[in-house]
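Data first, discussion second: the structure below is written as structure tokens.
Every read-out reported here was derived from the displayed coordinates using simple, explicitly stated rules and does not represent laboratory data. These numbers were taken from a predicted model, which means no experiment stands behind them. With ideal geometry, Cβ positions are generated from the backbone for all residues, glycine too; neighbour counts draw on all protein chains shown.
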Amino acid sequence: MDASNRSDRLVAAAESGGGIVILAGAGMSAESGVPTFRGADGLWRNFRAEDLATPGAFARDPVLVWEWYEWRRGLVAECEPNAAHSAVTELENRVTGSFLLVTQNVDGLHRVAGTRNYREVHGCLWETRCLGCGDVVERRDHPLGELPPKCTCGGTLRPNVVWFGENLPEATLSSAFAAAGECDVMVVAGTSGVVYPIAHLPRIAKDAGGYVIEVNLERTPISTLADEVHLGPAGEVLPDLVGVTF
Ligand code: BJW
Ligand code: ZN
């Protein structure tokens, strides 16, 4: 354990009834083998977001979009939570005040790691949504069969994720913004901090008097407002931050 990564401020807030928010991004799951979006090995190196992660792309070619999501579903199905996910669950278990995990990740690994109070603000790979009746259904089966999959109502199903140009689910978003504005400490881990509206959250926390801790391999636009920046892999730094070993 690297004692220099321990955050006395985080541990003190957790133990004294403070409100804690974790804001997670793709880097949180990188050590589980889930590709990130940006950066050298990121998905956007080989795939164009506008071809795959917009409503227009799905309208043009739902089979292509579904093939990409099926590939990712198959990949993530083989992945397990890593020490970063476990550290978040451990922190939630220790917190005596409020705790909320706001995750941009659609892989569901935080759920598998046992975190209970979370908001998946960009949706979930393991759910479909019907373009006809709007039903959201959990679908863990893989492969899904003929693409695009169909609802029992006959409508076309899409992945229940948030694409560029789409609004985030309103209730989910408002609870994330409210928690950011009320927290004592926000830990921002493994996100490039460039995708809005979620990229606003650290600023909201900071402007409301919260203490912001960033964990990332490299500096990001969030680093300049953060009170602590811990550079390193989330699977090593997060357990150190909360003072646990996995
Ligand atoms: C490690 C690590 C390790 C690695 N340890 N760290 C112009 C046109 C249209 C829209 C816009 C526009 N300009 C702005 C917008 C708004 C747009 C936006 O913000 N775009 C910017 C990119 C410019 N946002 C939206 O469109 C959002 N909706 C919205 O704003 O609605 C209102 C509106 C309506 C109409 C028009 C305009 C606005 C929706 C955003 C939806 C994002 N969706 C995705 C895909 C989800 C589904 C899926 O997975 O397929 O969400 S895109 C992708 O980015 C995904 C992620 O959740 C999100 C954030 O990425 P994240 O998590 O930060 O990952 P990376 O890869 O960027 O970073 C990883 C980080 O980890 C790096 O920093 C590494 O260093 C680090 N790392 N390994 C620690 N081991
Ligand atoms: Zn339907």
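With the highest mean first, a sort of the peptides 172-184, 140-152, 96-108 on other beta-carbon atoms found within 10 angstrom per residue produces 96-108, 172-184, 140-152.
The equivalent ellipsoid that matches the C-alpha gyration tensor of the stretch 150-214 spans semi-axes of 31, 13, 9 angstrom, in descending order.
With the convex hull drawn around the C-alpha atoms of the stretch 194-243, the volume per residue stands at 80 Å³.
Once the convex hull of all Cα atoms in the stretch 1-66 is built, its volume per residue stands at 157 Å³. When the Cα positions of V112, P159, S175 are compared along the charge dipole of the stretch 107-182, V112 comes out farthest toward the positive end, with charges on each C-beta of Lys, Arg, Asp and Glu.
Each peptide in 221-229, 131-139, 158-166 was scored by the mean count of other Cβ atoms within 10 Å over its residues; highest first, the order is 158-166, 221-229, 131-139. Taking each DSSP H run with n ≥ 4 as -39500 (n - 2.57) and averaging over every residue of the chain yields -9500 deg cm²/dmol at 222 nm.
The calculated FRET efficiency for L225 paired with R6, based on their beta-carbon distance and R0 = 30 Å, is about 0.90. Computed from label points 7 Å out along Cα-Cβ, the spacing between E170 and V194 is 3.1 nm.
Ignoring solvent entirely, what values of log10 I(q)/I(0) come out of the Debye formula for the chain at 0.10, 0.11, 0.17 Å⁻¹ when each Cα is a single scatterer? Scattering profile of the chain, log10 relative to I(0): -0.47, -0.57, -1.27.
With the gyration tensor restricted to C-alpha atoms of the stretch 1-119, the semi-axes of the equivalent ellipsoid amount to 33, 15, 13 Å, longest first. Loop-resident trypsin sites (Lys or Arg not before Pro) (DSSP state other than H, G, I, E or B) in the stretch 26-78 with no more than 12 further Cβ atoms inside 10 Å of their Cβ: R48. In a DSSP loop and with at most 13 other Cβ atoms within 10 Å, the GluC sites (Glu not before Pro) in the stretch 46-111 are E78. Computed from the Kirkwood radius of its Cα pairs, the Stokes-Einstein diffusion coefficient for the stretch 109-205 at 37 °C and 0.692 mPa s stands at 213 µm²/s.
Shape verdict for the stretch 48-98, please, from the Cα gyration tensor: rounded (a/c under 1.5), prolate (a/b greater than b/c) or oblate. Note, shape of the stretch 48-98 comes out prolate.
From the alpha carbon centroid of the stretch 101-143 to that of the stretch 16-45 is 16 Å.
Quote to one decimal, in nm, the extra length available between E78 and A49 on full extension: 0.36 nm per residue of separation minus the C-alpha distance between them. The partial results should precede the final answer.
Working: separation 29, 0.36 × 29 = 10.44 nm, distance 2.38 nm.
Roughly 8.1 nm would be gained on extension.
Taking amide H atoms as placed 1.01 Å from N in the peptide plane, the amide H of V161 lies under 5 Å from those of C124, each 5 or more residues away in sequence or on another chain. Between A178 and H142, the modelled label-to-label distance comes to 3.4 nm, taking each label 7 Å out from Cα in the direction of the beta carbon.
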